[in-house]
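Here is the structure we will look at.
The values are calculated or read from the model by the stated rules, or taken from the named source; none is laboratory data. As the structure is a computational prediction, the values presented were derived from the model and not from experiment. All Cβ positions, even for glycine, are placed from backbone atoms using ideal geometry, and neighbour counts span all protein chains on display. Accessible surface is based on the protein model in full, side chains and every heavy atom, while ligands, DNA and RNA are left aside. Shrake-Rupley method; radii C 1.70, N 1.55, O 1.52, S 1.80 Å.
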Amino acid sequence: MRLLHQHPEGFDPSTPWAQESESIRQDSRLFRQIVAQRRSPHTGREHAFYRLQGPDWVNVVAFTRSGELLVVEQFRHGIDEPTLEIPGGGCDPGESPAEAALRELREETGYTSGHWVALGSCTPNPATQNNRCHTFLALECEAEGTLELDPAEELQVWAASWSEWQARMRRGEIHHALVLSAFQLLSLWAGWPELLRTLESPIEQQGQD
């Protein structure tokens, strides 16, 4: 990369700000809101920053043995609209991201997989949040049981062909940022070209006719 601008002079993004004080504004089941007073190492000025501390999350891109993508549809109260998403959720205390991914897939879809790939992780909003979202690929998923949802969870489970899901993403019908990031990570996976050829095979196309 080529540096175009720098402010202030001598700015080094890897130099941490000095922590002057910190206070908890609100502590909920999902997030702890913290107000941190920090001093710039470059200007010496102090500023207040609002931070959200929470558990890591997981996303699961899950394909069945027949090559269909497992999709969940929920009503989301942040935007007061339904969304089409992939299975996912928060890591429980003491639970690894891989364990959480397996659990969320089973609870939200009733499917399990014996073939998992860790695709990577992203920071949902590094400006305010401290957590990461880990994305996993689950292949050859098979139905194992019924859904195991939390009391407030209500959803539908769909099976979509890759061509349909891709078309929905292009039309903007899939707008959950973390879901879109999961498919970006999938596209960067070394095994994606081979998997894509399988998903776009004539066998899949015949099943849609």
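Worth a mention:
- Filtering 99, 46 for residues that are closer than 30 Å to residue 191 by Cα and open to solvent by 30 Å² or more (accessible area, probe 1.4 Å) leaves a single hit, 99.
- So residue 200, is it within 20 Å of residue 106 (Cβ to Cβ), touching a residue at least 12 places away in the same chain (Cβ under 8 Å) and open to solvent by 30 Å² or more (accessible area, probe 1.4 Å): no
- The range 83-124: number of residues that are more than 16 Å from residue 159 (Cα to Cα) and basic (Lys, Arg): 1
- Residue 40, sole failed condition from (1) of a type in the set (Gly, Ala, Ser); (2) farther than 15 Å from residue 128 by Cβ; (3) surrounded by fewer than 10 Cβ atoms within 10 Å (Cβ to Cβ): (3)
- Residue within the range 144-157 that is among the β-branched types (Val, Ile, Thr), out of contact with any Pro (no Cβ under 6 Å at 6 or more places or on another chain), open to solvent by 70 Å² or more (accessible area, probe 1.4 Å) and more than 22 Å from residue 29 (Cα to Cα) present: yes
- Among the residues making up the range 158-175, those that are open to solvent by 60 Å² or more (accessible area, probe 1.4 Å) and either modelled with pLDDT under 95 or outside any helix (DSSP H, G or I) (or both) are 158, 171, 173, 175.
- Residue identified as surrounded by fewer than 18 Cβ atoms within 10 Å (Cβ to Cβ), over 30 Å from residue 51 (Cα atoms) and not basic (Lys, Arg) among 123, 83, 112, 128: 112
- Residues of the range 141-157 that turn out to be in a loop (DSSP other than H, G, I, E, B) and either closer than 14 Å to residue 85 by Cα or of a type outside the set (A, V, I, L, M) (or both), as a count: 8
- The range 1-72 holds strands (runs of 3 or more DSSP E) entirely within its bounds, and those carrying 2 or more residues that are of a type in the set (Lys, Arg) and touching a residue at least 12 places away in the same chain (Cβ under 8 Å) map to 32-39.
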